[in-house]
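Student: Dropping the structure in here first, questions after.
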Amino acid sequence: MAAKMFIVLLLFYAVFNGLDTHMQNEVTFDQLLSRTLVNKREPWDFVYGRSLRCFDMVATEGQFTFTSDHAQLNCGVFFIGEPNEVISIELSMVDIDCSHGDIIKMFDGWILNGNMFPNSLDHSLPLSERYADYCTSGMAKGLFQSSQNVAMMLFRVHTARKGFSVTLKKHINPFPCNIISQTPVGSFTMVIPHQRRNCSFSIIYPVEIQITKLSLDQSQSNDVALEKPGSDCADSDDFVVILGGNVIDTSKMLPVTDLCFFPDSQTQMKIGCDNTAVRMVASGKYINSVSFHYRLLEHNELLKVKQNTVEDFCSLK
């Protein structure tokens with residue numbers, strides 16, 4: 001892939017009140033996502049389980065156990081479900097020493113390179129309610145529930161042979177909002193039913209996006225218009241914007257185009273960025289929806305992306 005994926009760096013102090021140690025491990029996002037393909041299986045009568053690594057990604061329901069073989073001070077686990085799922089994480093068999101600086105903290109969302117998904121503008125909860133500290137609160141019987149299909153755990157263990165177990169379960173979310181796609185290829189329909197909120201579908205790859213259907217009021221329309229950012233679309237209370245950038249925080253990404261009601265034949269675009277997002281802003285007056293397909297750009301397409309009618313502003317290496 002020509003475009004360089006995110007180097008994952010957890011800046012703990014950005015969220016967790018003075019915890020200012022940086023992650024010493026650097027893992028590419030490709031390596032993290034490749035782990036989601038391991039051991040994915042159909043449900044059986046037994047609970048799937050495996051050991052948990054200090055730096056890991058978990059996409060399968062089951063029980064995961066961490067046992068330190070030495071002091072491991074900067075660990076993070078990314079949990080991800082399907083787009084229409086939320087995640088519950090239950091801690092058990094916890095054997096850590098909180099009084100000597102061991103920690104287990106949960107976060108409702110992801111932090112990559114110091115950027116947050118979803119950002120504070122797009123999340124339904126204030127930042128203070130998006131994380132839980134096992135050592136200070138006990139996490140209400142060790143149970144944590146995400147608001148979207150991603151969550152993460154940060155932990156630190158100073159002593160060998162200490163650890164814990166986590167059980168991951170997934171639950172259907174009838175109206176998913178703020179989603180990170182596990183794959184660079186797929187299709188999705190995002191619906192906001194009479195709710196005043198912002199929702200994003202994030203694809204952490206350079207992709208081609210094709211909008212197939214758009215409804216920003218109670219009438220249905222297959223015709224969409226692509227206007228330059230700052231057009232009449234931005235003056236509307238309800239609109240969809242396509243974003244591109246090399247971060248996951250949608251407030252720091254750049255608008256590629258707005259989607260409005262005016263008919264236009266151009267509903268397809270190539271975005272050569274590390275991250276592409278479809279973001280819907282809803283006033284709550286209507287049942288809003290947008291449908292789209294997306295696929296990974298090939299290497300030769302990345303080289304030609306500047307020929308696209310949408311101006312490319314992401315650095316391609």
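Student: Contour minus end-to-end for Thr136 and Asn300, with contour as 0.36 nm per residue of separation and end-to-end as the Cα-Cα distance?
Tutor: 53.9 nm
Student: Of Cys54, Ile87, Thr67, which is farthest towards the positive pole of the range 49-172's charge dipole, taken about the Cα centre with +1 and -1 on the beta-carbons of Lys, Arg and Asp, Glu respectively?
Tutor: Final value for the positive-end residue is Thr67.
Student: Among the listed pairs Lys170/Lys252; Lys105/Lys285; Lys170/Lys270; Lys105/Lys169, which are separated by more than 26 Å between their Cα atoms? Before the final figure, lay out the partial values.
Tutor: On the way: Lys170/Lys252 30 Å; Lys105/Lys285 37 Å; Lys170/Lys270 32 Å; Lys105/Lys169 18 Å.
Over 26 Å Cα-Cα: Lys170/Lys252; Lys105/Lys285; Lys170/Lys270.
Student: Accessible area per residue, 1.4 Å probe, Å², for the range 49-172: what's the number?
Tutor: Numbers: 4770 Å² over 124 residues.
Value returned for the range 49-172: 38 Å² of accessible area per residue.
Student: Just to confirm a number: summing +1 for Lys and Arg and -1 for Asp and Glu over residues other than Lys170 whose beta-carbon lies under 11 angstrom from that of Lys170, what do you get? Kindly include the intermediate steps, with their values, before the conclusion.
Tutor: Numbers: positive: Lys169; negative: Glu61, Glu82, Glu85.
Result for the neighbourhood of Lys170: -2.
Student: Considering only protein heavy atoms and a probe of 1.4 Å, how much of the accessible area of the range 49-172 is carbon and sulfur, as a whole percent?
Tutor: Working: 2450 of 4770 Å².
Exposed carbon and sulfur together represent 51 percent of the surface.
Student: Loop only per DSSP, at most 10 neighbouring Cβ atoms within 10 Å: give me the trypsin sites (Lys or Arg not before Pro) in the range 75-176, ordered by residue number. Mind showing how you got there, number by number?
Tutor: Working: sites: Lys105, Arg130, Lys141, Arg156, Arg161, Lys162, Lys169, Lys170; in loops: Arg130, Arg161, Lys162.
In loop regions of the range 75-176 (DSSP not H, G, I, E or B), the sparsely surrounded trypsin sites (Lys or Arg not before Pro) are Arg161.
Student: Now for a separate question. For Leu297, enumerate residues with amide H under 5 Å from its amide H, sequence gap 5+ or separate chain, H modeled in the peptide plane.
Tutor: Those qualifying (amide H under 5 Å, at least 5 residues apart or on another chain) are Val207, Glu208.
Student: Taking a quarter of the surface of the convex hull around the Cα atoms of the range 49-172, what do you get in nm²?
Tutor: Details: hull surface 29.5 nm².
Over every viewing direction, the Cα hull of the range 49-172 projects on average to 7.4 nm².
Student: For the range 111-124, just list the computed ³J(HN,Hα) in residue order, Karplus coefficients 6.51, -1.76 and 1.60, θ = phi - 60°, integers in Hz, with x standing in for Gly and Pro.
Tutor: Karplus-based 3J(HN,Hα) across the range 111-124 equals 10, 10, 6, x, 9, 10, 10, x, 6, 5, 5, 9, 9, 6 Hz.
Student: What residues have an amide H closer than 5 Å to that of Ile179, excluding those fewer than 5 places away on the same chain, when H is modeled at 1.01 Å from N in the peptide plane?
Tutor: Under 5 Å from the amide H of Ile179 lie the amide H atoms of Ser200, Phe201, Ser202, each far enough along the sequence or on another chain.
The values are calculated or read from the model by the stated rules, or taken from the named source; none is laboratory data. This one's a predicted model, so the numbers in the text were calculated from it and none came from an experiment. Please note: Cβ atoms are built from the backbone with ideal geometry, for glycine as well, and neighbour counts cover all protein chains shown. Surface accessibility is based on the protein's heavy atoms, side chains included, excluding ligands, DNA and RNA. Shrake-Rupley method; radii C 1.70, N 1.55, O 1.52, S 1.80 Å.
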